[in-house]
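A short write-up of the structure that comes next.
The values are calculated or read from the model by the stated rules, or taken from the named source; none is laboratory data. Just so it is clear, the model here is predicted, and its values are computed rather than measured. No Cβ is skipped: glycine too gets one built from the backbone with ideal geometry, and neighbour counts run over all protein chains shown. Note: areas computed on protein heavy atoms with side chains; ligands, DNA, RNA excluded. Shrake-Rupley method; radii C 1.70, N 1.55, O 1.52, S 1.80 Å.
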Amino acid sequence: MTTYLIRRVLWTVVTLFFISLITFVLMHTVPGGPFEVRAGDRGASESFIRAAESYYGLNDPIPEQFVRMLGNLLQGDLGLSFSQRGQRVTDLMLDKIKPSFILGAMSFAMVVGLGVPLGILAAVRRNTVWDYSALGLTTLLAAIPHFVLAFIMLLVFAVGLGVVDVRLGKGFGDSLASLPNGILPAVALGAPSMALLSRITRGAMVEILDQDYMRTARAKGLSSSAIYIRHGLRNAMIPVLTLLGPIFAGLITGSIIIESIFGLPGIGAAFVTSIHQRDYGMIMGTTLFYAVIIMTVNLIVDLIYPLVDPRVRVT
Amino acid sequence: MRIFSWRALFPLLLMVAMVAALACGSDDDGGSGGGDGSPEDAEQVLNVNLGAEPGSLDPQRATDSVSISVLKNLYSGLLRFNSELEVQADLAREVPTVENGGISEDGLTYTFELRDGLKWSDGEPLVAQAFVDAVKHLFEPGSENYYVDFYRVIAATGPDGDANVAVEKALAEGADADTLAALEQAVSDGVQVEAPDDKTVVVHLNRPSPVFNLLTAMWPMYPIRQDLLDAHGDRWTEAGNLVSNGPFSLSRWNHAEDLQLVRNEHWHGEGVHLDVVNMDMIEDTAVAFLAYQNDELDMITLGPAELIQVRGTEREDEFISYVQLSTLGIYFNLADPVMASTEARQALAGSIDRHEYAEVVREAAVLPAFGWIPSGMPGHDAEVGLQFDNDIEASQDLLAKSGHEGAEIVILSAQSSTSVLTAEWLKQQWEQNLGVKVSINVLETATYFSERNAGNWQIVIGGWGADYPDPQNWMPLFRSGAGLNAGNFTNAEYDRLLDEADAETDNDRRIEIYREAQEILIDEAGFSPMYYGRRNALVKPWVKDLVTTSKEGQVPGDSFFSTIFISGRE
């Protein structure tokens, strides 16, 4: 187990190195630099671009820049942002990770808390009105795009009922009192994942419920909760668990659409805008952040498998 | 499946409206009021949308319209523009002229006397040195501010003559980075701005400039606090660090989220009504429209989709639309064999219906344009370019004469909806009227600018917005070899006229020369104007005494928030 962990962590470091290398090469080969974008429609004068590039050391050879970036990275520094003058990338990112993480966690709680029971319900009450209603709801949620759902919610709850502000994401995560404002964004963010999870749960449960040992359990007179939870759910958890990892990673890394509609200062918008603005430090920071999250979540899921199903063993 | 019925909401809305009406009816707390005599509300708060995070709140580093909208409210300069865009004295006692001795006889020395009792928002006295520091800060090497090139008329003692003139020459000749860096350092060391005492600012120029007063009224000449730069470095513009001298000061700046201004008690001007200005950063105009409907914003600039939703509804009472000093149209790259032909360019310029474009395609959000200098700017000429008003036959003849019939044309477009829409419309017009084959190459924004700067294009759609209200800000774009002349338009007579205008001291004559130059540019189709920009906005009825101008940043009326008051907010 320990050696397994050490090996996985070492591989993570190697993977991160290659991710940073590929990201670095890609962002420097893509046409267009940060200062051309900033000057925009006015065209960038030569002196402007030169001055700016030398300020940020962009005139040095690319390998040299990569080594310097890597050195700074090891000290936890990603340099200055190109698009927000005088701001350090790491400070900007830390500000944005918190609200995204809280929102993602809320959304994840909703996805699991509603998705799994809904899936079980649909499986246990197969081919009844329960099943069909769940199917209808999940199909609808999976089909409606994020931004449509978010706009409908704002129209109903903000403009229509007046119970929330349109800009309800403002200051989200700064205080406990701001947390209820995360409910609508969390629902909009998690709806498609919730739908997917409940379909997968239903599928896995249906398969398990048809197994011989379930019939045996029922035959020996076990209570239905014991049948469904201990024998059914636990065995159905493997495909669900496989899915939970990516869902969790996806939810806490933010979404530019949800963030920009609700005015939530998260990391998803930073990732996309940094690419448009060729804000190199920010691109590197957000990409590595995503990579770390995904790898960590995968590692955790791999460690949980044997707890759920003793047949799986990590080596 | 119907998941929600609007009808179900009506009784509820009615109740809310009734309660609100009752609550407002009793709201009569007097107040001094303003122009139209309506009483001021107790709460003087204005909520506006910046649309994006400001790039920088350092006046000598800001280049984007978002930052400029904020800066105009944070700072006051020596001079300012009034609502007609005429230069007025602000911190200076008067606008310098040769007659009042503010400008020397040779036009090379400007002297500004400061008013008495000027203070920063923290109560510190504001002295003339703050302007010297500002100009030095502007010329620091690596300032990342392309507006610095506007101020190269300021004298700077260099090793071989004037260093600013040397920089201009080096830029025109494409000097290498090291040479340029050395020259910029020389400018920074030798810039000729002084403060002989606490109340006098003296600026020396390396040549007479007809527009220096206009340049002085712009944000790069706002004073700064050198002690704050020394203490906080690049972070001096953060809320809590930043000290300003305008009608408002910065009380909060949550990056990429919102910022807040509060009234500056130490401002030198007349009583500001607003206590607080909240500036949101909603990028999506659809969301901003929702926030406006929900009374979270008091005014918004409308995007194309929202404009359609407003027309013909009761919201039209809140709708305002006014000219902005900007001209957009078609740039031709003369390095391309087809576009090098004057006849071919004239044919393309003359075979489109600009009225249809402005009124139908753009829903009257813009005005059709035939000239380069926009309406509202000195030198605007309503007669120029009218030969290109959808004269299809003449255009076909011109194209035949050029020998480029049936040519294949590529429009390079950025990934913006307006740009793509315009390109689609041009394609349809040209294919139908001229029989040429047009394709559209849409690129991601940064890639688009890179291709455009590299000269890999035939036709792009773009334009220019005013920095200061003078043709001098517009005409040099098409000077031979100019950095911004991406399409390589070259005309010796045009260049000569521009030189003549720069040296002309009689203003009427100067404007006349620009008119002549404009005729050359338009007649030769060096650029084909399509439309003049307008701002289309919604303003809540309780926002009183909003003063708009034709040169604004990102927010309507951003130059005169100091006059606005709130009355009768629902």
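Given R₀ = 60 Å, FRET efficiency for A:Asp309-B:Asn254 by Cβ-Cβ distance, to 0.05? Show your work: numbers first, answer last.
Working: r = 46 Å, r/R0 = 0.77.
Taking R0 as 60 Å, the efficiency between A:Asp309 and B:Asn254 is 0.85.
Hey, what did the range A:170-238 get for relative contact order, percent, Cα under 8 Å, at least 6 apart? Walk me through the numbers before you get to the answer.
Numbers: 25 pairs, mean separation 18.2, N = 69.
Relative contact order for the range A:170-238 comes out at 26 percent.
Per residue of the range A:161-171, in order, report the coupling 6.51 cos²θ - 1.76 cosθ + 1.60 (Karplus, θ = phi - 60°) as ³J(HN,Hα) in whole Hz, putting x for Gly and Pro.
Here the 3J(HN,Hα) series is 8, x, 8, 9, 7, 4, 8, 6, x, 4, x Hz.
Take the Cα atoms of the protein assembly as shown, build their convex hull, and give its volume per residue in Å³.
Working: hull volume 182.2 nm³, N = 885.
That works out to 206 Å³ per residue.
From the residues B:Thr63, B:His255, B:Val203, which one has its Cα farthest along the dipole of the protein assembly as shown in the positive direction, the dipole being from +1 and -1 charges on Cβ of Lys/Arg and Asp/Glu about the Cα centre?
So the residue we want is B:His255.
Pairs of alpha-carbon atoms within less than 8 angstrom and 6+ residues apart define the contacts here; what relative contact order does the range A:101-277 have, in percent? Walk me through the numbers on the way to the answer.
Working: 218 pairs, mean separation 61.0, N = 177.
Relative contact order of the range A:101-277: 34 percent.
Which of the GluC sites (Glu not before Pro) found in the range B:413-464 are loop residues per DSSP with 16 or fewer other Cβ atoms within 10 Å of their Cβ? Kindly include the intermediate steps, with their values, before the conclusion.
On the way: sites: B:Glu424, B:Glu431, B:Glu444, B:Glu451; in loops: B:Glu444.
Those satisfying the criteria are B:Glu444.
Which value in deg cm²/dmol, rounded to the nearest 500, describes the helix-derived mean residue ellipticity at 222 nm for chain B, given -39,500 (n - 2.57) per DSSP H run of n ≥ 4 and division by the residue count?
Numbers: 15 runs with 166 residues, N = 570.
Dividing the helical sum by the residues of chain B leaves -9000 deg cm²/dmol.
Residue by residue through the range B:300-306, which ³J(HN,Hα) values in whole Hz follow from phi under the Karplus form 6.51 cos²θ - 1.76 cosθ + 1.60 (θ = phi - 60°), with glycine and proline marked x?
Values, residue by residue: 9, 8, 8, x, x, 5, 6 Hz.
Can you pull out the trypsin sites (Lys or Arg not before Pro) in the range B:106-194 that DSSP calls coil and that have at most 16 other Cβ atoms within 10 Å? Working shown, then result.
Working: sites: B:Arg115, B:Lys119, B:Lys136, B:Arg152, B:Lys169; in loops: B:Arg115, B:Arg152.
Those satisfying the criteria are B:Arg115.
Let me spell out the model: positive unit charges on the Cβ of Lys and Arg, negative unit charges on the Cβ of Asp and Glu, origin at the Cα centre of the protein assembly as shown. What dipole size does that give, in debye rounded to 20?
Value, rounded to 20: 6100 debye.
Provide the per residue accessible area, probe 1.4 Å, for the protein assembly as shown, rounded to a whole number of square angstrom. Each step should come with its number before you reach the end.
Details: 37080 Å² over 885 residues.
That works out to 42 Å² for each residue.
Find the percent of Cα-Cα distances in the range B:302-376 that exceed 18 Å, and round it to a whole number. Before the final figure, lay out the partial values.
On the way: 1546 of 2775 pairs.
The answer is 56 percent, as a whole percent.
Give me the percent of the accessible area of the protein assembly as shown that comes from carbon and sulfur atoms, probe 1.4 Å, all protein chains in place. Spell out each step's value before the answer.
Details: 21230 of 37080 Å².
About 57 percent, which is the carbon plus sulfur part of the accessible surface.
At what distance in angstrom do the alpha carbon centres of the range A:190-231 and the range B:447-522 lie from each other?
Taking the Cα centre of the range B:447-522 as reference, the centre of the range A:190-231 is 74 Å away.
With the contact rule set at Cα under 8 Å and sequence spacing of 6 or more, what percent relative contact order holds for the range B:450-524?
Values: 60 pairs, mean separation 17.1, N = 75.
So the answer I get is 23 percent.
Summing both sides, how much accessible area is buried between B and A? Use a 1.4 Å probe and give Å² to the nearest 100. If you can, show how the numbers build up before the last one.
Details: alone 24800 and 16940 Å², together 37080 Å².
The contact between A and B buries close to 4700 Å².
Using only DSSP helix segments of four residues or longer, with each worth -39500 (n - 2.57), what per-residue ellipticity at 222 nm results for chain A after dividing by its residue count and rounding to 500?
Values: 13 runs with 217 residues, N = 315.
One gets -23000 deg cm²/dmol as the mean residue ellipticity at 222 nm.
Nearest 20 debye, what's the magnitude of the dipole of the range B:150-246 about its Cα centre given +1 on Lys and Arg Cβ and -1 on Asp and Glu Cβ? Walk me through the numbers before you get to the answer.
On the way: 6 positive and 15 negative charges, 86 e Å.
Magnitude of the dipole: close to 420 debye.
Cα-based Rg (one decimal) and Dmax (whole number) for the range A:115-237, in Å?
Answer for the range A:115-237, Rg first and Dmax second: 19.0, 57 Å.
Name the residue farthest towards the positive end of the dipole of the range B:368-490 from the options B:Trp457, B:Ala446, B:Pro368, assuming +1 on Cβ of Lys and Arg, -1 on Cβ of Asp and Glu, about the Cα centre.
Going by the Cα projections, it comes out as B:Ala446.
So, with +1 on the Cβ of K and R and -1 on the Cβ of D and E, and no other charges, what is the size of the charge dipole of the range B:370-459 about its Cα centre, to the nearest 20 debye? The partial results should precede the final answer.
Values: 4 positive and 12 negative charges, 61 e Å.
That gives the range B:370-459 a dipole magnitude of about 300 debye.
Taking chain A, how much of its Cα-Cα pair set, in percent, is spaced more than 31 angstrom apart? Write down the numbers at each step before the final one.
Working: 22904 of 49455 pairs.
Here the long-distance tail beyond 31 Å is 46 percent of all Cα pairs in chain A.
Restricting the calculation to Cα positions, tell me the Rg (one decimal) and the Dmax (whole number) of the range A:178-223 in Å.
17.7, 51
Once the cut-off is 16 Å, how many percent of the Cα-Cα pairs in the range B:471-570 end up in the long-distance tail? Please report the intermediate quantities before stating the final value.
Values: 3329 of 4950 pairs.
More than 16 Å apart: 67 percent of the Cα pairs in the range B:471-570.
Go ahead and set up a Gaussian network model of chain A, Cα springs under 10 Å, then flag whichever of A:Ile256, A:Ile229, A:Ile294 fluctuates most.
Between A:Ile256, A:Ile229, A:Ile294, it is A:Ile229 that shows the largest mean-square fluctuation.
Please report the projected area of chain B's Cα convex hull averaged over all directions, in nm².
Working: hull surface 119.7 nm².
Over all viewing directions, chain B projects a mean Cα-hull area of 29.9 nm².
Can you pull out the trypsin sites (Lys or Arg not before Pro) in the range A:220-314 that DSSP calls coil and that have at most 15 other Cβ atoms within 10 Å?
On the way: sites: A:Lys220, A:Arg230, A:Arg234, A:Arg278, A:Arg311, A:Arg313; in loops: A:Lys220, A:Arg278, A:Arg311, A:Arg313.
Taking the range A:220-314 and a limit of 15 other Cβ atoms within 10 Å, the loop trypsin sites (Lys or Arg not before Pro) found are A:Lys220, A:Arg311, A:Arg313.
Could you please report the charge total around A:Leu135, scoring K, R as +1 and D, E as -1 over all other residues with beta-carbon less than 12 angstrom from its beta-carbon? Provide the component values of the computation, followed by the final result.
Values: positive: A:Arg125, A:Arg126, A:Arg199, A:Arg202; negative: A:Asp131.
Neighbourhood net charge equals +3.
If the reach is capped at under 20 angstrom between alpha carbons, list the aspartates and glutamates near A:Lys220, excluding any in the same chain fewer than eight residues apart.
List returned: A:Asp210, A:Asp212.
Mind scanning B:Lys401/B:Lys437; B:Lys199/B:Lys551; B:Lys72/B:Lys119 and naming the pairs with a C-alpha gap bigger than 26 Å?
Pairs exceeding the cut-off: B:Lys199/B:Lys551.
For chain A, with the dipole built from +1 on Lys and Arg beta-carbon atoms and -1 on Asp and Glu ones, taken about the Cα centre, which of A:His146, A:Val112, A:Leu58 lies farthest toward the positive end?
The listed residue farthest towards the positive side: A:Val112.
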